Structures are given as structure tokens and as C-alpha cells.
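Here the structure comes first, spelled out in C-alpha cells, and everything after it is commentary.
The values are calculated or read from the model by the stated rules, or taken from the named source; none is laboratory data. Small disclaimer: the values here were computed from a predicted structure and weren't measured. Cβ placement follows ideal geometry from the backbone for every residue including glycine, while neighbour counts extend to all protein chains displayed.
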Amino acid sequence: MLRTKNAPACIIAALMTMSPAVAAEFDWKFAHVVSPSTPSGKAADRFAELVNKRSGGRISVKVFPSAQLGSDTQIVEQIQFNSVQVGIPPTAKLGNFDQRMQVIDLPFIFPTREAVYKVLDGPIGQKLLAGLESKALMGLAIWESGFKHLTSNRPISDVSDLKGIKVRTMDSPLIIEQYRSWGANPIPVAFAEVYNALQSGVAEAQENSLSNIDTMKFFEVQTHLTLSGHAYLAYAFVVSKQAWDALPKDLQMVVQKAAIEARDYGRDLTIKLDEALAKRFKADGMNVSTLTEKARDGFISASREVHDSFAPVVSRELLDQIYEVSQ
């Protein structure tokens, strides 16, 4: 029995009004493959904080970074079965679930970051996300890792320099075809295994955002960085449809708003980090170069083949809409 005879009145009052902690109504797992120190990793943590707070504890979100719960494809499958509730798989990987999602990953489709946001935050992006619902996935936003650049152990100053090089890619039909059209030998490797693939020579080069190059320490096993900005690495913020449908409308609104706020937070971090990382890689000894205008035009010309061959896959109408909005 609690003894209160000699306790101060304020303590007694506090003890009398205390109630047991209320368990969350909805326990959610948020799984992804990137490091928690990347902008996307930090955005995932921000999303969890926002939802936990704004739902008043009714939703509890726990984040599992760094492929703790599997690869991107494995995570998406778990989301479909509601054993994981949230994920941010690359849009290229979602081509296996809705082929139109691959359009975002076409090389040189976005001339600027402003064009990216105009397309992905507008009706086109909403249309792409809506197409996932039939696959038991609710697409709420499109996050970013940033524009992709090339690392290698030899200079890449022109598209011809890629001829015959073993380039690690995601397991994406579009990206594999992209590198074939550039004359390279694409080697699909899971993200968590890229470092070892580069170190052992299974792959000689790879593409990624600067933040991923940094946190995965690819600079330790690659000597050259070509700032090509040849494609945009987007992550689709997806929720299990089963988990989404179980939420009342007020909590759906909490989740939706938090997904957008965390997206914008991650984008801001990416922009600031990209400016610093290129300088740091150079200071640390990497050979850092930027494509000349002539070389960039050569890459763009070599990319027309993959645009044309995937137009029927992603929808010619959709592709033309993106071209128009991106101008």
C-alpha cells in the first residue's frame, strides 16, 4: 500500500491523478534501406516524430533503416501484406508493380530540380501514385535522394568512356536498358551489397545520389566522381492499403500531412548537402569532374533510344505530358 502520511500534498495530488500510459491504437513499422544519416533517413525519422506527436500517441511509428527488414523489393512485399506499414522504395523498383512509375527514372527527363517538383508534386505525380492502390499500396508523396551521378575507377568524361564498363545498377529494366544503350555492361546488385561489389571488382562503376555515395562510403573504393546529374533518384512514400483503410479520417490526415512535411524537410537537407559533398569529395582526394556541355549533349543523344523504347511501357501520353510540364 502507498504510504502518504508524510508526503507533501503536491506529490499526493500528482499520484492521485496519474493514469497508466495508454497503448497506441496503431503500431506501424517504417522500413527503408538507406542510412539514417542521409536526408531521406532523417526525413523518415521526422515523419515518425510528427505522426507520433500529432496523433496524440494513437499511432506509434518505429523506423527500421539500413535494410534491417530486407531489400526494397522485400519491403514493398511486406507492405502489401501489412507486416510493414510504410516504406520509401525507389520509383525504379516500383516498375515491377506499376510500369508507369519507371518514367521518373528516364535519363535526362528532368532538366532542373524545379521541373522535378512541378511534375511530381502536381497532377502527374498524383496520377502515378494513384496507380499503386490496385497493388495494395497507398502512394502519399514522392520523396527524393537527389540527382544521380557516376563514380568509377577511371575518368568518365564522355558517354563513350562507359563502353564495356561493368556498372552496378538497381534491378530495374529501364535503368539496365539505359546503360546498355550507353555501351556499358549493367550489373544489377542490391543496394546493401554495392560496396563489396565495387571493392571486389564485380562492378567497376555505379550511379547514385551524393548523399548515398557518402553514407555508403563508395568514395573509399572509387577514385573518380563525374557530376553528371543524368537522372533523378526518387522514392515513393507508400503505405499499406490495409493499414491506411484501418485509420479513421482524422488520422489519415495526420499521416498525409506528415508525409508531405517530411518530404520537404528531406528535400531541403538534400539541396544543402549536395553543395557541400562535391567539395568534400574533392578535398578528400577523389577526382571530381563535371560533364562539359558537349559531353552532356552526347549522353542525351545516346538516351533517346531508351526514351523511345520505353514510351509504350510508361505511356506515350504520360511521357509527352512530362516533356511539356518540364519545359
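Which residue pairs have Cβ atoms under 6 Å apart, sit 6 or more places apart or on different chains, and have a first residue in the stretch 82-103 that is within 14 Å of Tyr232 (Cβ to Cβ) and a second that is part of a loop (DSSP other than H, G, I, E, B) and hydrophobic (A, V, I, L, M, F, W, C)?
Listed pairs, sorted by first residue: Ala92/Met170.
How many residues does the stretch 31-77 hold that are over 13 Å from the mean Cα position of the chain (by Cα), within 22 Å of Leu94 (Cβ to Cβ) and assigned to a strand (DSSP E or B)?
3
Given the conditions (1) loosely packed, with under 13 Cβ neighbours inside 10 Å; (2) within 24 Å of the chain's Cα centre (by Cα); (3) charged (D, E, K, R), which single one is not true for Asp274?
The single condition Asp274 does not satisfy is (1).
Please determine, by comparing only the residues of the stretch 102-118 that are over 13 Å from the mean Cα position of the chain (by Cα) and surrounded by 18 or more Cβ atoms within 10 Å (Cβ to Cβ), which one is nearest to His32 (Cα to Cα).
So, considering only residues that are over 13 Å from the mean Cα position of the chain (by Cα) and surrounded by 18 or more Cβ atoms within 10 Å (Cβ to Cβ), the one nearest to His32 (Cα to Cα) is Gln102.
Please enumerate the residues belonging to the stretch 277-327 that are more than 14 Å from Pro107 (Cβ to Cβ) and touching an Asp or Glu at 6+ places or on another chain (Cβ under 6 Å).
Across the stretch 277-327, the qualifying residue is only Leu277.
Looking at the stretch 80-93 only, could you name the residues that are closer than 22 Å to Leu174 by Cβ, of a type in the set (A, V, I, L, M, F, W, C) and in contact with a strand residue (DSSP E or B) (Cβ under 7 Å, 6 or more places away or on another chain)?
Ile88
From Gly95, Gly131, which residue is among the small types (Gly, Ala, Ser), touching an Asp or Glu at 6+ places or on another chain (Cβ under 6 Å) and closer than 23 Å to Val33 by Cβ?
Gly131 is the lone residue from the list that is among the small types (Gly, Ala, Ser), touching an Asp or Glu at 6+ places or on another chain (Cβ under 6 Å) and closer than 23 Å to Val33 by Cβ.
Please name all residue pairs, on different chains or six or more residues apart, with Cβ atoms under 8 Å, provided the first residue is in the stretch 129-144 and is closer than 11 Å to Phe97 by Cα and the second residue is in a strand (DSSP E or B) and among the basic types (Lys, Arg).
none
Taking the conditions exactly as written (touching a strand residue (DSSP E or B) at 6+ places or on another chain (Cβ under 6 Å), over 30 Å from Val61 (Cα atoms) and of a type outside the set (Phe, Trp, Tyr)), does Lys282 satisfy them or not?
So Lys282 fits the description; yes.
Just checking, does the stretch 3-10 include any residue being among the basic types (Lys, Arg), over 16 Å from the mean Cα position of the chain (by Cα) and either modelled with pLDDT of 95 or more or closer than 14 Å to Val255 by Cβ (or both)?
Looking for residues that are among the basic types (Lys, Arg), over 16 Å from the mean Cα position of the chain (by Cα) and either modelled with pLDDT of 95 or more or closer than 14 Å to Val255 by Cβ (or both), one finds none in the stretch 3-10, hence no.
Being within 27 Å of the chain's Cα centre (by Cα) and in a helix (DSSP H, G or I) is the filter here; which residues of the stretch 284-296 pass it?
Arg296
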